[in-house]
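Here is the structure we will look at.
Read-outs throughout are calculated quantities, based only on the coordinates presented, and are distinct from any laboratory measurement. Here the structure is a predicted model, which is why all the values come from computation and not from measurement. Neighbour counts are summed over all protein chains in view; Cβ atoms, including those assigned to glycine, are modelled from backbone coordinates with ideal geometry.
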Amino acid sequence: MEPRSRLTPRDDREARRLVRDAARRLEEAGVPEARVSAEVLLSELLGIGRSDLAAFEKPLSRDQATLYETWISRRLKREPVQRILGRAYFRNLELMLDEHTLIPRPDTESVVEAVLGAVDRRKGSCRVLDVGAGSGAIAISVAQERPLCEVHATDNSYGVLKTVRKNADRAGVTLHLYHIDLVSGLDELDKSIEVLISNPPYIRSDDLHRLAPEVRYWDPSTALDGGPDGLDFYRRILTEAKPLLANGADVVLEVGDGQTEDVLELGRRAGYTPLGTHTDLAGSPRAVLLWWGPD
Ligand SMILES: C[S@@+](CC[C@H](N)C(=O)[O-])C[C@H]1O[C@@H](n2cnc3c(N)ncnc32)[C@H](O)[C@@H]1O
């Protein structure tokens, strides 16, 4: 006779079992970071740290188990964990996301380091402009970590700017936001920006279809598409921002893999002095540093 299963419905809702099963299903479906996804989603659902899951004894309620199953089904369709949760962590911040906002990347945290270096050379106080604010990751980090700075940020998406405003309020910082095309019409800031930052869209249009489904289907293409050679926005920013820059301004531009030399050269041709690059945690050049000092 077959042994009767000793599992009770409560066992079916036991955290470790749920994570194990979810991780296996995600892995079998070829979803990247299957185990991490399963663990992060459950720990966020339970409001506990990921490392506390292993010792979590209490079975989930029926509602919690149903919600977890819904989230795993969404992850199976390659929706990123941050989109499922509607938020992302970036440096000291928890940032709300919506369909308009790019998920801020860990690589961009190192770009912020380069910006903070430029701010610190000015004794922590200066006027900063972030072009293409997205979730507000860069602008809010600078405002929070260097509170003497006056931080301005632009985006051409109204939806994006609504989210930036929310995120800035949650972080308790003040940003000056502009719903404009790149830097157009910012005459009141003429010759006053001391640190210009941008993480512009930089994927070559022809490469968009090659991106992982998490990016291709879930990040807004307006945050990704950098034109035929991926460099459209660098050309425009380096030209159009000139009237806003103070003499001696630093420019920090996030770049994609293999774009460093091209962007340094674009800067040189536009009259900037190339200062070098800043690497990300993996050791890859992630930001190009330029200096504006024509006078
Ligand atoms: C790669 S995302 C960067 C978002 C954020 N700064 C970050 O680092 O996570 C680029 C941002 O530029 C914005 N953008 C695209 N075209 C723009 C334009 N013509 N003028 C202003 N912003 C633009 C997009 O809406 C998007 O938020």
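Kindly rank 215-224, 20-29 from highest to lowest mean number of other beta carbons found within 10 Å of each residue.
Numbers: 215-224: 17.6, 20-29: 15.8.
Ranking, from highest mean packing down: 215-224, 20-29.
Nearest 0.05, what FRET efficiency do Thr273 and Leu67 give at R0 = 51 Å with Cβ-Cβ as r?
Details: r = 54 Å, r/R0 = 1.06.
With a Förster radius of 51 Å, E is 0.40.
Which whole-percent values make up P(r) of the stretch 130-187 when all C-alpha to C-alpha distances are grouped in 10 Å steps starting at zero?
28, 56, 16
Please compute one quarter of the surface area of the Cα convex hull for the stretch 50-183 and express it in square nanometres. Before the final figure, lay out the partial values.
Numbers: hull surface 40.6 nm².
Convex hull of Cα atoms, orientation-averaged projection: 10.1 nm².
Could you give the angle, 0 to 90 degrees to the nearest 10, between helix 260-269's Cα long axis and the longest principal axis of the Cα atoms of the chain?
The answer is roughly 20 degrees.
If Lys and Arg each add +1 and Asp and Glu each add -1, what is the summed charge of the other residues whose beta carbon sits under 14 Å from the beta carbon of Val183?
Working: positive: Arg127, Lys191, Arg235, Arg236, Lys242; negative: Asp130, Asp155, Asp181, Asp187, Glu188, Asp190, Glu240.
Overall, the nearby charge balance is -2.
So what is the relative contact order for the chain, in percent, with contacts set as C-alpha pairs under 8 Å and at least six apart? Can you show the working numbers first?
Working: 538 pairs, mean separation 40.9, N = 295.
The normalised contact order for the chain reaches 14 percent.
Per residue of the stretch 148-164, what does 6.51 cos²θ - 1.76 cosθ + 1.60 with θ = phi - 60° give for ³J(HN,Hα)? Whole Hz please, x for Gly and Pro, Karplus curve as stated.
Computed from phi, the couplings for the stretch 148-164 are 7, 7, 9, 10, 10, 8, 10, 7, 9, 10, 5, x, 4, 5, 4, 5, 4 Hz.
Relative to the compact globular guide of 2.2 N^0.38 Å, what is the alpha carbon radius of gyration of the stretch 152-295, as a ratio? Kindly include the intermediate steps, with their values, before the conclusion.
Details: Rg = 15.7 Å, N = 144, 2.2 N^0.38 = 14.5 Å.
Expressed relative to 2.2 N^0.38 Å, the Cα Rg reads 1.08.
Extent of the stretch 9-77 along each principal axis, from alpha carbon coordinates, in Å, largest to smallest?
Principal extents (largest minus smallest coordinate, Cα): 30, 23, 17 Å.
Return the aspartates and glutamates within reach of Lys123: Cα separation strictly under 20 angstrom, same-chain partners fewer than 8 residues apart disregarded; answer none if there are no such residues.
Hits, sequence-local ones excluded: Glu113, Glu145, Glu150, Glu194, Asp250.
Along each of the three principal axes of the Cα atoms of the stretch 194-250, give the extent in whole Å, ordering the values from largest to smallest.
Over the stretch 194-250, Cα extents along the principal axes are 43, 19, 13 Å.
How much net charge surrounds Ala34 when only other residues with a Cβ under 15 Å from its Cβ are counted (Lys, Arg +1; Asp, Glu -1)? It would help to have the intermediate numbers written out before the result.
Working: positive: Arg20, Arg24, Arg25, Arg35, Arg50, Arg74, Arg75, Lys77, Arg78; negative: Asp21, Glu27, Glu28, Glu33, Glu39, Glu79, Glu214.
After counting each charged neighbour, the total is +2.
If you count the DSSP beta bridges with both ends in the chain, what percent of them are antiparallel, to the nearest 5?
Percent antiparallel among DSSP bridges in the chain is about 45.
Determine Rg/Rh for the stretch 22-121; Rg is computed over alpha-carbon atoms and Rh is the Kirkwood hydrodynamic estimate from the same atoms.
Working: Rg = 16.2 Å, Rh = 15.3 Å.
Computed over Cα atoms, the ratio is 1.06.
When the Cα centres of the stretch 124-146 and the stretch 245-295 are compared, how far apart do they sit, in Å?
18 Å
Write down Rg/Rh for the chain, rounded to two decimals, with Rg from the C-alpha atoms and Rh from the Kirkwood relation over Cα pairs.
Working: Rg = 22.2 Å, Rh = 20.8 Å.
Ratio of gyration radius to Kirkwood radius for the chain: 1.07.
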